[in-house]
Amino acid sequence: SVSLNTSHVSTTTLNANSTVTGGTTSTTTTTFGFGPYLRYYVLGIPGNNWFYLQANGAMSSGTGTSSGNSYTSTTFSNTSGKVSRIFNWNTGASLGLTHLFYRRIGMDLALGYNYSHSKNYNVNNTFTTNKGSGNITASTNNYALNTGTNGVTLGFGFHWFLKG
């Protein structure tokens with residue numbers, strides 16, 4: 001499989017108590033990936049239905065940007081940065097059923113499990129303005145992010161078979 005993925009995530013935070021604080025963040029990333037996709041049809045049942053076992057995996061890499069702002073009763077901050085060295089990989093397996101509408105066109109329904117891991121490096125520059133004095137301070141926040149997720153998947157899709 002081959003993939004091109006663009007992701008945009010925005011969050012807004014407001015303080016729940018009586019103080020005046022809050023902020024927004026936005027991150028946009030683009031990755032390109034590839035990986036193996038193996039499927040084995042194990043049992044045909046009446047009505048043009050076929051059960052299958054599937055294993056898949058993929059890895060991707062890319063870059064992105066981040067930005068945001070925050071405020072308190074005494075300060076206002078703007079942040080901008082880059083997301084680099086993105087490396088994502090995932091692997092999974094599923095059991096599914098393909099219903100063939102025609103000889104070479106099928107609809108899939110699958111239940112499976114997937115594990116994903118993401119790693120990237122972030123560099124953010126923040127400029128904070130003191131509301132009272134107008135003084136501006138600058139700071140840099142560099143960090144690496146490693147996350148892993150897993151869970152049960154439910155898949156639905158269509159296939160066009162070249163041979164049949």
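Once the stretch 71-111 is narrowed to residues that are open to solvent by less than 50 Å² (accessible area, probe 1.4 Å) and small (G, A, S), the residue that is nearest to N146 (Cα to Cα) is S84.
On the given criteria, is S133 assigned to a loop (DSSP other than H, G, I, E, B), of a type in the set (S, T, N, Q) and more than 18 Å from Y37 (Cβ to Cβ)? Answer is yes for this residue.
Within the bounds of the stretch 152-164, is there any residue that is without any contact (Cβ under 8 Å) to a residue 60 or more places away in the chain, under 22 Å from V9 (Cα atoms) and surrounded by 12 or more Cβ atoms within 10 Å (Cβ to Cβ)? Even if it seems obvious, please write down each step before you answer.
Start the filter on the stretch 152-164 by keeping residues that are without any contact (Cβ under 8 Å) to a residue 60 or more places away in the chain, which leaves 152, 154, 156-158, 160-163.
Still in the running and under 22 Å from V9 (Cα atoms): none.
Checking the stretch 152-164: not a single residue is without any contact (Cβ under 8 Å) to a residue 60 or more places away in the chain, under 22 Å from V9 (Cα atoms) and surrounded by 12 or more Cβ atoms within 10 Å (Cβ to Cβ).
For the stretch 32-64, enumerate the residues that are part of a loop (DSSP other than H, G, I, E, B) and touching a His at 6+ places or on another chain (Cβ under 7 Å). N48 - this is the single residue of the stretch 32-64 that is part of a loop (DSSP other than H, G, I, E, B) and touching a His at 6+ places or on another chain (Cβ under 7 Å).
If only residues of the stretch 13-31 that are part of a strand (DSSP E or B), farther than 30 Å from S3 by Cα and among the small types (G, A, S) are counted, the one that is modelled with the lowest pLDDT is G22. A Cβ distance below 9 Å, combined with a sequence gap of six or more or placement on separate chains, defines the contacts here; from the stretch 30-55, residues that are open to solvent by less than 60 Å² (accessible area, probe 1.4 Å) reach residues that are among the polar types (S, T, N, Q) and not in a strand (DSSP E or B) in the pairs G33/S1; G35/S1.
The values are calculated or read from the model by the stated rules, or taken from the named source; none is laboratory data. Given the structure is predicted, the values throughout are model-derived calculations rather than measurements. Virtual Cβ from ideal backbone geometry, glycine too; neighbours counted across all protein chains shown. When the accessible area is computed, the model is the full protein with side chains, heavy atoms only, and any ligands, DNA or RNA have been set aside. Shrake-Rupley method; radii C 1.70, N 1.55, O 1.52, S 1.80 Å.
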